[in-house]
Amino acid sequence: MPDVLSLSRAARLAEVSRAELQRRIRLGHVETFEGQVVISDLLRIFPRIRLDRDKGFEQAEAIKAEAVPREQQLDAMLPSPRVLLSRLRSIADVLVEKVATLDAAQALLDALTLRLEALAEAQPGNRAAIAEVLTWLAQERQALAAHPETDSRAQLFAKDTFLRIMTASIKIIPSGHEFFCEGTETILDASVRAGLNLSYGCSSGNCGSCKARVVSGEVWKTADHDYVLSEREKQMGYILTCSNTAVTDLVLEAAEALSVADLPLQEVRASVRKVEPQGTDTLLVHVQTPRTQVLRFMAGQRVRLTLEDGACTELPIASCPCDGRNLQFLVRRRAGDAFAEAAFDSLSARQMVVLAGPFGEFVLREGALEPAVFIALDDGIAPIKSILEHAVSIDMIESFHLYWANALAQGAHLHNWCRAMTDALDNFRYTPLASAPVDQVAPAQVLEALASDYPDPTGMRFYLAGPGPAVALLVEGLAARGVDPAWIASEASAFP
């Protein structure tokens, strides 16, 4: 069997996205063995793998982590002494095994050399042929020691060892999803940060909804929990993912929401953290849920918000599900909208708001790796932003292009977010389009820009969000250019 690495670990070592590595695999540049990347191919395609990290790679990682509160990042940055010691012991065992195997191989080659020399003496008639084999063997051993790939393999092994000390790789079955557990963060927190939807409820050890079975690997309990696992469950390897971290690489059998139908409807009493004006007619509202009641949702979905005075509305979440506690919403001023009027008149920090949901099927297509185009019209940027942040966090899509046709005097913060994404990610493009009125002019502008950028739009995924009539025109225009309707996902709001 060739030396192999998991796709996630190979991408991290090569400091490229999983999407880029998957693209190379589809093109036949990188060989896989039983779904894993062959090390020799990885070194051939990325020969300059080093222990120090690339600046652009660090910027991309920062974008992925931005949705997680800073205090949580600091708390989970480094492994605890217990976890660190366990990982060092595990790596020491691997090193001992590899050194023993190497020593045995060297001894075998030495014994083979002596055996051949003895045969040459005992069989004068075969001496020339045996001498030729001995010369070849000596040359090959010398060349192997001096081969550039030998040094590259050593660097790759050193970097992989370092990363294994700091992080553990977790594979979920039966879905096959993989993610990394950093520092002392819990398995559940790591899965949420990676954009996965493992089952959970309270996230504090009370309900048992996050129960999962350890198939292989070692875990460490980070906190006691009130939920009681039976002795039978303990013997079978069940744990609560909200109360355990990974010590070594894990294979975990766990329930996972793979579609919107798998998510339960929830009702959460949350509080307003901050209200940010985005021009004269739009607010960016930051809402935080209690620690014991994190909202589970898929990027692009909506929730119903109800204020204490009874005013309510349904809005798309404008933030990544990788942080279900800290949510963002765009609230636009509209005539006759009681919720918007209350928000502009009196909404402030620490006010209570009840969230109910999630609703909607405008979500990222599971397993879709193709280049994706995202088109937002006015405040349709809200669900698009959520999907984009999620797509970056799971690191699966080959490339992104965002078009935002914005007729409102809104968005300094959101335009800066778009530009930051462009600066940090090599595979991200942003095209801002100013347009008024949005229902007629914006679709024409977007379709014209698309025709210029992509003469053949087939083979790309499209995600559209905005006012209903304008979105319908976009869908019609894309279909007329040969885009498969099944490759167009849209969210049409009822507001103009």
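The values are calculated or read from the model by the stated rules, or taken from the named source; none is laboratory data. All values reported here derive from a predicted model rather than from experimental measurement. Cβ atoms come from the backbone with ideal geometry, glycine included; neighbour counts cover every protein chain shown. Just the protein is used for accessible areas: all its heavy atoms, side chains included, with ligands, DNA and RNA removed. Shrake-Rupley method; radii C 1.70, N 1.55, O 1.52, S 1.80 Å.
Observations on the structure shown:
- Extension gain for Arg334-Ala349 works out to 3.2 nm (0.36 nm per residue, less the C-alpha to C-alpha distance).
- Computing FRET efficiency as 1/(1 + (r/R0)^6) for Asp281 and Glu366, where r is the C-beta to C-beta distance and R0 is 30 Å, gives about 0.25.
- A probe of 1.4 angstrom, applied to the heavy atoms of all protein chains, finds His177 with accessible area near 40 square angstrom.
- Per DSSP, loop trypsin sites (Lys or Arg not before Pro) in the stretch 327-363 with at most 12 further Cβ within 10 Å: Arg350
- Gyration tensor (alpha-carbon) shape descriptor, the stretch 442-496, a/c threshold 1.5: oblate
- Compared with the rule-of-thumb size 2.2 N^0.38 Å for a compact globular protein, the stretch 216-365 has a Cα radius of gyration ratio of 1.29.
- Each of Val363, Ala382, Ser271 was placed along the dipole of the stretch 264-405 (beta-carbon charges, centred on the mean Cα), and the one lying farthest toward the positive end is Ser271.
- Take the Cβ atoms of Glu314 and Glu233, set R0 to 56 Å, and the FRET efficiency comes out at 0.90.
- Summing Cβ point charges (Lys, Arg +1; Asp, Glu -1) relative to the Cα centre of the stretch 153-299 gives a dipole of roughly 160 debye.
- If only the Cβ of Lys and Arg carry +1 and only the Cβ of Asp and Glu carry -1, the dipole of the stretch 231-382 around its Cα centre is close to 420 debye.
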